[in-house]
Amino acid sequence: MINGEVLEGQTVAAFGISNTNVNPTNRKLMRSWIGQTSKVFSSYGNNYDKGHFIAHGFGGPIDVNLFPQRRDINRGWKPEGKPYRDMEKFVAANPGTFVFSRPIYNDLSFCPAKLEYGYCDTALNFAVKQFPNK
């Protein structure tokens with residue numbers, strides 16, 4: 001505890017190489033083992049998903065890879081979220097792509113204020129963008 005505020009664990013960065021070798025039973029585990037989003041991140045309100053620093057669909061793990069992510073960004077519902085979804089779709093469609101997430105915090109919680117997301121494809125084209133999360 002610092003100045004009366006509870007210190008939560010914070011991820012510094014997540015990175016990896018995208019692949020298509022994903023265990024399909026893990027999706028069921030995410031619901032049963034981790035729980036529904038509304039219960040897991042209830043303290044953040046109904047506008048958050050169980051976001052993945054590295055999407056499970058192209059190789060990200062299901063446990064230490066989660067954070068409260070704004071639903072409109074994660075699902076690309078608003079103009080500021082569409083580039084995020086486009087980047088994830090590119091990485092998923094191009095196995096072997098280096099991908100990373102860097103959460104940026106403005107308090108001691110594990111919910112980042114922003115998420116820097118990027119990739120470097122096999123032709124060494126680099127794309128990076130920051131997305132709001134609070």
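No value in this document is a laboratory result; all are computed from the given coordinates. This structure is a prediction, so every number in the text was calculated from the model and none was measured. Here the Cβ is made from the backbone with ideal geometry for all residues, glycine too, and neighbour counts use every protein chain on show.
Note on ARG85 and LEU108: the extension gain reaches 5.6 nm, defined as 0.36 nm multiplied by sequence separation minus the Cα-Cα distance. Counting every other Cβ atom within 10 Å of each residue's Cβ, GLU116, GLU8 order from fewest to most as GLU8, GLU116.
Order these by the 10 Å Cβ neighbour count, fewest first: THR97, THR11.
Working: THR97 20, THR11 16.
By the 10 Å Cβ count, ascending, the order reads THR11, THR97.
Length gained on full extension, PHE126 to ASN47, computed as 0.36 nm times the residue gap minus the Cα-Cα distance: 25.4 nm. Given their separation in residues at 0.36 nm each and the Cα-Cα distance between them, TRP77 and PHE98 gain 5.0 nm when the chain is fully extended.
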